[in-house]
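One structure below.
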Amino acid sequence: MSREALPEPAPNVDPYSAAVLDRARREVQERRMTAALDSARRQRPWGWVAAGLSGTLVVLIAVWPSGTVVGRLRWLMQGVCDQVNNIPSWSITLPLDARCTGIYTALFVTFLYLVTQRRVQAAKLPPPQLTVVLLSAILVMAVDGLNSLLHHSGYNLYPPHDGLRLASGSGAGLALAILGLPLLNGALRGAPHRDQPVINSWKQLAVISGLVAVIGMLAWEGVRWFFYPLVLLSVTGMIGGLLVVNLVAVLLIQGLYRRVLLLAQLARPATISIVLTVGELTLLAWLRMVLEQGMNSSQ
């Protein structure tokens, strides 16, 4: 509940008092909306800055004189992905390994699907049965990741496989998008749709799962025309996920917990988040490069 929100009237409140409370709530909401519109107007120049920064990053990746576009993306992603267990069917190595490709492609594709279904303001988790299935998908990825980690010590339960990495990552990415969106809306939006579940039926889950499965099969089979779409989906999902984490941190620091009413209010926080995201990716990639060079020179 925001600081300005008023409590609901008790059932036995007389009609006059109830009308007064209703009018007070409307006035509070009008003041909040007026403040949000004013904030959005003041932040309009920041929207252009955010667009300019994003466009500059895309142009730099596309036209940098050395290497290839995929090579530059691989360098940028190396600080957040080990890039060891890759999908073997591609002649050109993807920027992300099999598990990360599955996670972030499914995350982004699921988010796009929810946008098309007008669920971006949903702030209610799916029904309990669906939530259990989604949590289980995340658990499966955790178990498979632990199994892969223990492989070198000889304590793994089964032989690791890149297909399992891709499949478990895809399931977890789908689940993270569905479970994360209502939590994000509930924490930051001033007027989220608390009565709208992000999905509410097995049919919706089946549609999303089918879409993610088709994309996963195209990725695993190495279908030639799908290479660059897969690169775009996975890298965008990775950068977008990190950007959202930074955006949430910036909004909480600025005291905008449950106070965002308009997307335009995010212009300045988004600009800061873009700078943080690019800085983090670049710094982590550079640190990994330095560490690998140091290890190679010591051998």
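Specify which labelled value, from [x] 34, 21, 19; [y] 51, 27, 16; [z] 41, 25, 17, agrees with semi-axes √(5λ) of the Cα gyration tensor in Å derived from the coordinates of the model shown. Here semi-axes √(5λ) of the Cα gyration tensor in Å agrees with entry [z]. Each principal axis of region 218-299 carries a Cα extent, and these read 52, 39, 16 Å when sorted largest first.
One decimal place: the segment residue 139-residue 112 gains 7.4 nm when fully extended, by the rule 0.36 nm per residue minus the C-alpha distance.
Accessible surface of the chain, 1.4 Å probe: 68 percent of it comes from carbon and sulfur atoms.
Using a probe of 1.4 angstrom and keeping all protein chains present, the accessible surface of the chain works out to 57 square angstrom per residue. Counted residue by residue at 0.36 nm each, then reduced by the alpha carbon distance between them, the extension gain from residue 211 to residue 44 reaches 56.5 nm.
The angle between the Cα long axis of helix 267-298 and the longest principal axis of the Cα atoms of the chain comes to about 20 degrees, rounded to the nearest 10.
With only Cα atoms counted, region 86-167 has Rg and Dmax values of 15.9, 48 Å. The longest part of the chain holding none of the exposed loop trypsin sites (Lys or Arg not before Pro), meaning those outside H, G, I, E and B in DSSP with at most 15 other Cβ atoms within 10 Å, is 119-299. Helical runs (DSSP H, four residues minimum) scored at -39500 (n - 2.57) apiece and divided by the length of the chain put the mean residue ellipticity at 222 nm at -24000 deg cm²/dmol.
Roughly speaking, what is the centre-to-centre gap between region 84-154 and region 221-299 when only Cα atoms are used, to the nearest Å? First find each Cα centre; the distance between them is then 17 Å. Of the peptides 168-177, 130-139, 60-69, the ranking by mean beta-carbon count within 10 Å, highest at the top, reads 168-177, 130-139, 60-69. FRET efficiency for the pair residue 293 and residue 93, taken as 1/(1 + (r/R0)^6) with r the Cβ-Cβ distance and R0 = 25 Å, rounds to 0.80. Against the longest alpha carbon principal axis of the chain, how many degrees, from 0 to 90 and to the nearest 10, is the axis of helix 44-63 turned? Computed tilt is about 10 degrees.
So how tilted is helix 98-116 from the main axis of the chain? Cα-based, degrees 0 to 90, rounded to 10. The angle comes out at about 30 degrees.
Spin-label model, residue 155/residue 62: points 7 Å from Cα along the beta carbon direction are separated by 4.9 nm.
The values are calculated or read from the model by the stated rules, or taken from the named source; none is laboratory data. All figures in this text were calculated on a predicted structure; none of them were measured in a lab. Cβ atoms come from the backbone with ideal geometry, glycine included; neighbour counts cover every protein chain shown. For the accessible areas, the whole protein counts, side chains as well, though only heavy atoms, and no ligand, DNA or RNA atoms are used. Shrake-Rupley method; radii C 1.70, N 1.55, O 1.52, S 1.80 Å.
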